[in-house]
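Here is the structure we will look at, set down as structure tokens.
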Amino acid sequence: QLQLVESGGGLVQPGGSLRLSCAASGFTLDYYTIGWFRQAPGKEREGVSCISNSDGSTYYADSVKGRFTISRDNAKNTVYLQMNSLKPEDTAVYYCAAGAGLGATLVLYEYDYWGQGTQVTVSS
């Protein structure tokens, strides 16, 4: 069974950092494009960042560009999202997702498999 499990969320102060992990099981992650999405209370789910399996190209939403970094470790079958300079507006449930045959895209419906999410709260 194909599964994605997010971890690393928690409560941090504004300006702090967190590193989220997305671990894959049941399939080899390096054959998929992996995206990070988030959903805040009362808002629709939005794309944050993604990394392509084909050439390793990345894409970031303007709201996180320069603060977040996505990377993958194929040996560990894991994708990471390093989040620095966190703001209260970053508070959300963060989801990772996998899609086959994709480039660097944050189009939500293009992704086939989803994790259950990890909560990130940025507050004093």
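The values are calculated or read from the model by the stated rules, or taken from the named source; none is laboratory data. Here the structure is a predicted model, which means the values were calculated and not measured. All Cβ positions, even for glycine, are placed from backbone atoms using ideal geometry, and neighbour counts span all protein chains on display. These accessible areas exclude ligands, DNA and RNA; they are computed on the full protein's heavy atoms, side chains included. Shrake-Rupley method; radii C 1.70, N 1.55, O 1.52, S 1.80 Å.
Sorted into 10 angstrom bins from 0, the C-alpha pair distances of the chain split as 14, 50, 30, 5, 0 percent.
When ranked by the protection proxy of mean other Cβ atoms within 10 Å per residue, highest first, what sequence do the peptides 110-120, 65-75 form? Mind dumping the intermediate values first?
Numbers: 110-120: 17.3, 65-75: 14.3.
Top of the packing list down: 110-120, 65-75.
Of the Cα atoms belonging to region 4-70, the radius of gyration and Dmax stand at 13.2, 36 Å.
Between the listed residues 32, 51, 18, the Cα displaced farthest toward the positive end of the dipole of region 1-64, a dipole computed from Cβ unit charges relative to the Cα centre, is found at 18.
What you get for the chain, charging only the Cβ of Lys and Arg (+1) and of Asp and Glu (-1), is a dipole of about 300 debye around the Cα centre. On the beta carbon distance between residue 25 and residue 105, with R0 = 35 Å, the FRET formula returns roughly 0.90. Listed by chain and number, the aspartates and glutamates whose alpha-carbon sits under 12 Å from that of residue 76, ignoring those within fewer than 8 places in the same chain, are 30. Cysteines of the chain lacking any other cysteine Cβ under 4.7 Å from their own Cβ: 50. Per residue, region 1-105 exposes an accessible area of 48 Å² to a 1.4 Å probe, with every protein chain left in place. Of the solvent-accessible surface of the chain, computed with a 1.4 Å probe over protein heavy atoms with every protein chain present, carbon and sulfur atoms account for 45 percent. Structure remark: mean-square fluctuation, Gaussian network model of the chain, C-alpha springs under 10 Å; the largest value among 14, 41, 88 belongs to 41.
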